[in-house]
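Engineer: One structure is given below, represented as structure tokens, and several questions about it will come after.
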């Protein structure tokens, strides 16, 4: 009898796992974006290549209310999605850097691997390091990559799960810049 009970538990958990894997992460809701809630503040260390320009640590609250912010969560182990979007984000940052702040949040990664990724793509927008992924939890992140768009008032305007393409990024930026 005990064997059947364990079999039922394993089947139930397997079914739940299968159901969850069938969901499209782009369709998963973001309460922050849906309700236009204020962006959760954080302070994280900047990765070494950005410290000369941005300082030792980056505090989001210091930049809220000045211009829209694109907050991109990524990791070097996130292949191929993070590798696909990195050049798109960098090109957009270079075009819009005077009007929009891009910030990368390297999450649940090894710093050496993150630095290799940054060098590979020549990322020039500030990158912070969150090895435990605590900021992603505050934002309700489901996985990497995810990009959050914060408006001029410091409220979360939208969330995009998965690799962002150029057209989608342009659409969100247009909305944020209104």
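The values are calculated or read from the model by the stated rules, or taken from the named source; none is laboratory data. From a predicted model like this one, the values you see are computed outputs, not experimental measurements. Virtual Cβ from ideal backbone geometry, glycine too; neighbours counted across all protein chains shown.
Engineer: Filter segment 141-162 for residues that are under 10 Å from the mean Cα position of the chain (by Cα), in a loop (DSSP other than H, G, I, E, B) and crowded, with 18+ Cβ neighbours inside 10 Å and give the result.
Structural biologist: Passing the criteria: 141, 144, 145, 162.
Engineer: Okay, next question. Which residue out of 64, 60, 32 is closer than 27 Å to residue 113 by Cβ, surrounded by 17 or more Cβ atoms within 10 Å (Cβ to Cβ) and in contact (Cβ under 8 Å) with a residue 12 or more places away in the chain?
Structural biologist: When all the criteria are applied, what remains is 60.
Results for (1) touching a helix residue (DSSP H, G or I) at 6+ places or on another chain (Cβ under 9 Å); (2) closer than 30 Å to residue 129 by Cβ; (3) modelled with pLDDT of 70 or more, shown as yes or no for each residue.
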position: 1; (1), (2), (3): no, no, no
position: 5; (1), (2), (3): no, no, yes
position: 15; (1), (2), (3): no, no, no
position: 20; (1), (2), (3): no, yes, no
position: 33; (1), (2), (3): no, yes, yes
position: 38; (1), (2), (3): yes, yes, yes
position: 43; (1), (2), (3): yes, yes, yes
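Engineer: Could you list, ordered by first residue, the pairs with Cβ atoms under 7 Å in which the first is in segment 102-121 and without any contact (Cβ under 8 Å) to a residue 60 or more places away in the chain and at negative phi and the second is surrounded by 15 or more Cβ atoms within 10 Å (Cβ to Cβ) and in a helix (DSSP H, G or I), at least 6 apart or interchain?
Structural biologist: 102/89; 102/93; 106/114; 107/136; 121/86; 121/90
Engineer: Kindly provide the set of residues from segment 110-130 that are in contact with a strand residue (DSSP E or B) (Cβ under 8 Å, 6 or more places away or on another chain) and not in a helix (DSSP H, G or I), ordered by number.
Structural biologist: Answer for segment 110-130, where residues must be in contact with a strand residue (DSSP E or B) (Cβ under 8 Å, 6 or more places away or on another chain) and not in a helix (DSSP H, G or I): 123, 125, 126, 127, 128, 129, 130.
Engineer: Which condition breaks for residue 98 when tested against (1) in contact with a strand residue (DSSP E or B) (Cβ under 9 Å, 6 or more places away or on another chain); (2) under 15 Å from residue 152 (Cα atoms)?
Structural biologist: (1)
Engineer: Right, something else. Report, by residue number, each residue of segment 131-140 that is buried (at least 17 other Cβ atoms within 10 Å of the Cβ) and not in a loop (DSSP other than H, G, I, E, B).
Structural biologist: Listed by number, the residues that qualify are 135, 136.
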